[in-house]
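What follows draws every value from the coordinates through simple rules; no lab data is involved. The structure presented is a predicted model; accordingly, all values stated were derived computationally and were not measured. Heads up, the Cβs are rebuilt from the backbone with ideal geometry, glycines too, and the neighbour counts pull from every protein chain shown.
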Amino acid sequence: MSVYNFCAGPAMLPAAVMEKAQKEFINWQNLGCSIMEVSHRSPAFLSVAERAEENLRKLMGISDEYAVLFMHGGGRGQFSAVPLNLTSASDQIGNYIVSGTWSKTAEIEAQKFCQTHACNVIQRVDGKLSTTPVSQWDLNNNAKFIHYCTNETVDGIEINEVPSFNDQLIVADMSSNILSKEIDVNQFDVIYAGAQKNIGPSGLSIVVIRKSIIGNKQTAIPCIQDYQLAYENNSMFNTPPTFSWYLAGVVFEWLLEQGGVSEVEQVNAEKARLLYDYIDNSKLYRNAISEQNRSIMNVPFQLADESLNQQFLAESEQQGLLALEGHRSVGGMRASIYNAMPLEGVKALVKFMHEFEGKVL
Ligand SMILES: *Cc1c(COP(=O)(O)O)cnc(C)c1O
């Protein structure tokens, strides 16, 4: 039986990536030891590190005007790094767009380091949730930056429009949809992502930042969160998460072998279409997000009769469909269908959902 893991994060990795890592695990390229057991300053690791960055630049179309940083602390580490690195004093202001759980959490963390102007952009129209158009966002004119989350992993809300407002820096938390579709990096000043959704193992966070804005930071900034130190030391101010960096590099190679982000985007669109179409046409399941904001990575859905939730989860697990329980804050179900989830996995899920509906209704 094939097993498909719909966990929101840490999430499944491509089978080919896991097999390659397994093959290289004990003896990396005849080095006689694992890439995890060597110095981060050794030629072996430096070649892995540089290649990973090169391939990410290729995949996302990142120009020389941007630095790529491999940092510690996952997505949340960046919730504090962003205000510390983009304001030079704690009385400066950051605009925080609130579109769901993670963007709200980022705003709460930032309150420790700067003034925050929170803008709720969620509206409910005819019972469906959506975000208001960027032109209607109630922004503070004097803020240094606009922080928003391009894909709310818990709520299943994706924002496709990119904001732009005077000379304010645009900062995007792309933890759960980085590399899922083509974007224009030049529209952003900072893009960051915790690795464990669409990149690799947890702990690593990737930061893509416009070089010209590095260094205008607060003085009391922890050194491991300092973009300038990370940049000047090629992300090796201290020991980086070497295994995660290595494995991220294997994922980037896999993505290039798939034909790059444009190819993967088409598969992702097909997976999401299949699942949403099925949900919309069923009597048992529903999704409360308007079409324009539906996430192609995280698909939350509710059963019309919530007392069936436990049975749904138990039976799906028996069928090898793992981790479909929704986040504890929203309940219901959630299928995370990141790049590593093959189309067959979504087909197997839809088949199960259909059989389950036929049985209980
Ligand atoms: C998972 C996630 C985070 C938090 O990541 P951690 O590595 O657990 O800190 C932040 N933002 C988004 C959008 C996420 O999906």
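Between residue 351 and residue 322, the modelled labels are 1.9 nm apart [label points 7 Å from Cα along Cα→Cβ].
With a 10 Å radius around each residue's Cβ, average the other Cβ atoms per peptide and rank 225-238, 256-269, highest first.
So the order, starting with the most tightly packed, is 225-238, 256-269.
From most to least packed by mean Cβ count within 10 Å, the peptides 300-308, 8-16 give 8-16, 300-308. Given an 8 Å cut-off on Cα distances and at least 6 residues of separation, report the relative contact order of the chain as a percent. Value for the chain: 24 percent.
Derived scalar couplings between HN and Hα for the stretch 296-301 equal 8, 10, 10, 10, x, 8 Hz in order, rounded to whole Hz, by the Karplus curve 6.51 cos²θ - 1.76 cosθ + 1.60 (θ = phi - 60°), x for Gly and Pro. Considering only beta bridges that DSSP places wholly inside the stretch 53-184, some 30 percent are antiparallel. The C-alpha atoms of the chain occupy a region whose extents along the principal axes are 61, 57, 31 Å, arranged from largest to smallest.
The DSSP beta bridges internal to the chain are antiparallel in roughly 55% of cases.
The overall shape of the stretch 23-139 is prolate: from the C-alpha gyration tensor, with semi-axes ordered a ≥ b ≥ c, the ratio a/c is 1.5 or greater and a/b exceeds b/c. Amide hydrogen proximity for residue 117: with H placed 1.01 Å from N in the peptide plane, the residues at 5 or more positions away or on another chain lying under 5 Å are 94, 95, 96. Rounded to 0.05, the FRET efficiency of the residue 44 and residue 307 pair, given R0 = 56 Å and the Cβ-Cβ distance, is 0.50.
With the simple model of a label 7 Å out from the Cα in the direction of the Cβ, residue 184 to residue 291 spans 2.5 nm. For residue 325, the amide hydrogen comes within under 5 Å of the amide hydrogens of 334, counting only partners 5 or more places away or on other chains and with H modelled in the peptide plane. Backbone geometry of the stretch 48-64 corresponds, through the Karplus equation with coefficients 6.51, -1.76 and 1.60 at θ = phi - 60°, to 3J(HN,Hα) couplings of 4, 5, 5, 5, 4, 5, 4, 5, 5, 4, 5, 4, 9, x, 8, 7, 5 Hz, x marking Gly and Pro. Scalar couplings 3J(HN,Hα) for the stretch 8-13, obtained by applying the Karplus form with A = 6.51, B = -1.76, C = 1.60 to θ = phi - 60°, are 6, x, x, 10, 5, 10 Hz; x denotes Gly and Pro. Close amide H contacts of residue 215 (hydrogens built in the peptide plane, cut-off under 5 Å, sequence separation of 5 or more or a different chain): 228. From largest to smallest, the equivalent ellipsoid semi-axes obtained for the stretch 278-351 from the alpha-carbon gyration tensor read 17, 17, 12 Å.
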